[in-house]
1. How many of the residues in the stretch 297-322 are touching a residue at least 12 places away in the same chain (Cβ under 8 Å), surrounded by fewer than 20 Cβ atoms within 10 Å (Cβ to Cβ) and more than 17 Å from N280 (Cβ to Cβ)?
2. Could you look through the stretch 37-59, keep only residues that are of a type in the set (D, E, K, R) and part of a helix (DSSP H, G or I), and pick out the one that is surrounded by the most Cβ atoms within 10 Å (Cβ to Cβ)?
3. Assess whether D95 counts as being out of contact with any strand residue (DSSP E or B) (no Cβ under 8 Å at 6 or more places or on another chain), surrounded by fewer than 24 Cβ atoms within 10 Å (Cβ to Cβ), in the same structural domain as S163 (by TED's automatic domain parsing) and within 21 Å of Q58 (Cβ to Cβ).
4. Here is a list: E175, E167, E122. Which entry is touching a helix residue (DSSP H, G or I) at 6+ places or on another chain (Cβ under 7 Å) and acidic (D, E)?
5. For the stretch 60-76, check the following and say yes or no: at least one residue is more than 21 Å from A42 (Cβ to Cβ), small (G, A, S) and either within 21 Å of the chain's Cα centre (by Cα) or not in a helix (DSSP H, G or I) (or both).
6. Any idea which of E79, E109 is more than 17 Å from D56 (Cα to Cα), more than 17 Å from the chain's Cα centre (by Cα), of a type in the set (D, E, K, R) and part of a helix (DSSP H, G or I)?
7. Could you pull out the residue among A321, A271, A291 that is part of a helix (DSSP H, G or I), hydrophobic (A, V, I, L, M, F, W, C) and either more than 25 Å from P173 (Cα to Cα) or within 22 Å of the chain's Cα centre (by Cα) (or both)?
8. Looking at the stretch 258-285 only, could you name the residues that are out of contact with any strand residue (DSSP E or B) (no Cβ under 6 Å at 6 or more places or on another chain) and either modelled with pLDDT under 75 or crowded, with 18+ Cβ neighbours inside 10 Å (or both)?
Amino acid sequence: MKKATRPITRLLGMALILVSAPALADVKAGVDAWGRGDYATAIKEWRGPADAGDADAQFNLGQAYKLGNGVPKDLGQAEKWYKMAADQGHLQANDNYGLLLFQNNRRSEALPYLQASADRGEKRAQYVLGTGHFNGDFVAKDWVKAYALMTRSSAQGLSAATSNLAEMDRFIPIEDRQRAVQLAGQMEQSEQRVRTAQIGGLRPVQSSGAVQTAQLPPSRPAMPDPAPAPGPITPGVTYAPASAPLPAAPAAAAAPVRAAAAGDWRVQLGAFSDEDKAKNLWTRLESSVSALAGLQPYLVRAGEFTRLQAGPFATRAQAEAMCNNVKASGNDCLAKRP
């Protein structure tokens, strides 16, 4: 006798949609097939659940159509499936749908999705909106909000946002930057509340623990410097060895904020005979000087001393602008090449 399966209830908006265990198994089988590189099988497994309304399967199909794996690349189809999943409360789909609309220059349509992502703390959306508020091109020009959003994006490791903060320092008065830092702190607290409400209410974790969503590369916004793919944020400071290659850094620019490909300038924040004192200074400055958040700290040995540096910056002007910000907090700072 065929054993009956127990339906799984998922809260989506105000409606309850029952998703059967076989449908969930198909989504998981598709994820496994994708991981093996068997894209055709993944698409086959996801198609039925997606048509039946499974948001994870819909998001996965959107990713497949965006990448052109297992199906012909079709951004129209990707947009369709992202929207269906996003409208059911799928957070990754909301993020990618908003960014895809923005990339297609449908900015008024993208705005509510980007705003929802930014409110939850999604750093790419915060970067897009921060740039928009700075330039005043598709949202109201608001330098305080722009600096606050860019601060939040930078604090989560988006290097383009960190560089843009340094550029904004050249245009935004110190009083407005101070207000923006306070606003960024309020945003961070709000993001935590929004994430709790959205993840805890709209997308509950299934009791089976099965992975429902394929780990595919996310969409990127069409910005002067496209934001990198999001990833897990590791707390604490990672100190690069002195010989580590410099990561890419945006270049100097006036409004609108622009970015370049590389940089070989740093700011030196101090030199200590005790390495722990250098680390402690970085921890203190990173929390008190918002523009430093997200930069790469370097511990450079020089004889008996350890120099604390941060960067990289594309130009000396960028490094000196950062030093001016640091000096305003009462700490010494020197722009230099390694």
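1. Just the residues of the stretch 297-322 that are touching a residue at least 12 places away in the same chain (Cβ under 8 Å), to begin with: 297-302, 304-322.
Subset that is surrounded by fewer than 20 Cβ atoms within 10 Å (Cβ to Cβ): 299-302, 304-305, 315-317, 320.
Filter again for more than 17 Å from N280 (Cβ to Cβ), leaving 301-302, 304, 315-317, 320.
So the count comes out to 7.
2. Narrowing the stretch 37-59 to residues of a type in the set (D, E, K, R): 38, 44-45, 47, 51, 54, 56.
So of that shortlist, the ones also part of a helix (DSSP H, G or I) come out as 44-45, 47, 51, 56.
On the way: K44: 15, E45: 24, R47: 15, D51: 12, D56: 29.
Residue satisfying both the conditions and the ranking: D56.
3. Considered against the rule, which asks whether it is out of contact with any strand residue (DSSP E or B) (no Cβ under 8 Å at 6 or more places or on another chain), surrounded by fewer than 24 Cβ atoms within 10 Å (Cβ to Cβ), in the same structural domain as S163 (by TED's automatic domain parsing) and within 21 Å of Q58 (Cβ to Cβ), D95 comes out as no.
4. Values: E175 fails: touching a helix residue (DSSP H, G or I) at 6+ places or on another chain (Cβ under 7 Å); E167 fails: touching a helix residue (DSSP H, G or I) at 6+ places or on another chain (Cβ under 7 Å).
Answer to the selection: E122.
5. Looking through the stretch 60-76, none of the residues is more than 21 Å from A42 (Cβ to Cβ), small (G, A, S) and either within 21 Å of the chain's Cα centre (by Cα) or not in a helix (DSSP H, G or I) (or both).
6. Working: E79 fails: more than 17 Å from D56 (Cα to Cα).
Residue meeting the stated conditions: E109.
7. Numbers: A321 fails: either more than 25 Å from P173 (Cα to Cα) or within 22 Å of the chain's Cα centre (by Cα) (or both); A271 fails: part of a helix (DSSP H, G or I).
The unique qualifying residue is A291.
8. R258, A259, A260, A261, A262, L285
The values are calculated or read from the model by the stated rules, or taken from the named source; none is laboratory data. A quick note: this is a predicted structure, and the numbers were derived from the prediction, not measured. Every residue, glycine among them, receives a Cβ derived from its backbone with ideal geometry; neighbour counts consider all protein chains shown.
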